[in-house]
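The structure appears right after this line, and notes come after that.
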Amino acid sequence: MAGEWNVKTVVREFFGVFRELPDRASGTYPEQKTASMLRGFCPALFDVDVKFMPFAVDLSSGSWNVCLHSYMFFLSSAGIFVLGKIMLAYTSFPSPWQTVTFSFLGEAPAFFTIISIFFCGGIVASRILSTYTGWSFFSFFIPNAESGNVICSTRKEKEPAARKLVILTAHYDSGRCLPSVGGKNVGSSLLAKIVKNGLSLGPMLAACLITFTLFVHLVFGLRGAFSVILVILSLLSVIFILVETVISNISANMPFNPGYNDNLSGAAVLAGCMETICPSPVKAHWTVTDALKDNLSGVERKSTAFSNTDFEFVFTGSEENGLMGAVEYRKKVLKQHLDAYGKDNVYIVNLDSISGKYIKFFNREKDFAGMNRGGNDKFIEKAETFINGKNFSEVELLKYFSPEEIERYFTKDNSSYKMNLIRSVTPIQACTDMSSLVYLFDKTLNIITLVSRETNDKDDIGMPRDYHSLTDTYEKMVEEDNGYNLTPVIFTVFAINNLLKYLDEMN
């Protein structure tokens, strides 16, 4: 493994490279410039082949998606219903235009009610499609922007039979800030879970209920208690959709955050891992500073020997805009790898928001619609077995960490130390790139995600520090490091490198 100084130098300079950018919002020039900088920085320091995989970003996704679908839902269903009421009042309908009586709402023409049902159903279908495919009805009308994945590969062989492939992924874009309540970011409160689930699952369920109510009244013309209950629930659903529309509209107009924890920290781990796996003589590039060149030129940059493993480091774009980079990578690259290496020989480690007090890992999370997504239990159990069983001597750790850092991120076990990583045992409310790297209902991939959090609770994953906040800055990450900002990034590189060596040697 490369020495502590090398990795720390690379990681610190990696953050500094992007300091000039205020943010890296999906589909914007700063995100595109970040991709360009990664394409120059990585091959200048590491022995990797770099490819850029561009793709179009649907700017109607995310919070805007909720707003647009909610607006269209109300305009279409209510507008058609009101138009029908007006026509019923001022015209005489022949028998095919018979009316339907709604509790508390009076009569409406059946024809217009049918149209309302189709519109409501169409909006719900569009919302579901946008959640799982990135496409929606509004994709036809809102122009796309450009984003892309930066893929760095050490693979040399055309025939990877009997070899393993490890894929490390992290998104490099940043998202919008979350609204604050009483000066407190909603990302750190219970409201965050309500907003997160409501942004997709809530409006869909509410719209389904309203559509079902229209259908029941149209087909059965029900009266009595059941009809009253349906109408009351539908009215509550209308209120819920209105509230979510207001919240999502506020979110969609918030400024973009600098995004150093979420998720330049994950991208920095990829850079640190490349330093330990495939360093190369420093080449000239404008992203490589003289200080970095001097620091790396004066030390021996040793690489960890891997005899059975190829590596791919994937910087995904537009994660904050519907996990689009992960979707594109899964469809265009990952499937080919699974066919070439075999699903059992491909391991994926996703990294998201690595700067914090406790490093956690998991293989299950809830996507935007509340569905459980993730991989098999075999890989995470292997990782947990290794983490719990691997011992380090103090002399060995002092090559990479200070005594204070060892105390923070390692647990003393008699005369040796174990890495302090915490497995989250329940599906988390996170929705990282992992949700889009796996297919819905597919639990067969070897995939885990590493994150950092402020608490060590195994059941409640918690929220990252400075989550989607303007305080997620370079200064806090590097210059104001209190031992829990930059250090966990270095520790995660150390932990992953040891885990990868274990996987390489494992039959």
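Counted by neighbouring Cβ atoms within 10 Å, the residues Glu31, Glu480, Glu244 run from fewest to most as Glu480, Glu244, Glu31.
Here the gap between Ile232 and Asp49, fully extended at 0.36 nm per residue and compared with their Cα-Cα distance, gives a gain of 59.9 nm. About its Cα centre, the dipole of segment 325-481 is roughly 760 debye, where the only charges are +1 on Lys and Arg Cβ and -1 on Asp and Glu Cβ.
In this calculation the C-beta distance from Phe141 to Leu440 is compared with R0 = 25 Å, giving a FRET efficiency of 0.40. Taken one residue at a time, the phi angles of segment 381-392 give Karplus couplings (6.51, -1.76, 1.60, θ = phi - 60°) of 5, 4, 4, 5, 4, 5, 4, 6, x, 7, 10, 10 Hz. Gly and Pro are set to x.
Exposure proxy ranking for Met274, Met254, based on other Cβ atoms within 10 angstrom of each Cβ and starting from the fewest, stands as Met254, Met274.
Label positions at Thr304 and Arg19, each projected 7 Å from the Cα along the C-beta direction, are separated by 2.9 nm. As a proxy for reagent exposure, Cys152, Cys431 were ordered by neighbouring Cβ count within 10 angstrom, fewest first; the result is Cys431, Cys152.
Each label was represented as a point 7 Å from its Cα along the Cα-to-Cβ direction; for Phe212 and Asp290 these points are 7.0 nm apart.
Quick one: Cα centre-to-centre distance for segment 234-293 and segment 348-397, in angstrom? Cα centres, segment 234-293 to segment 348-397: 20 Å. Projecting label points 7 angstrom from Cα along Cα→Cβ for Thr385 and Lys343 puts them 2.1 nm apart.
If a spin label sat at a point 7 angstrom from the Cα of Glu505 along the line to its beta carbon, the backbone N atoms of segment 369-386 nearer than 18 Å would be those of 382-386.
Legend: distances between Cα atoms for Lys357/Lys382; Lys33/Lys302; Lys335/Lys357; pairs beyond 29 Å are Lys33/Lys302; Lys335/Lys357.
Quick note: the coordinates plus some simple rules give every number you see, no bench work behind them. Fair warning: this is a prediction, and the values are worked out from it, not measured in the lab. Cβ coordinates were reconstructed from backbone atoms using ideal geometry, including for glycine residues, and neighbour counts include every protein chain displayed.
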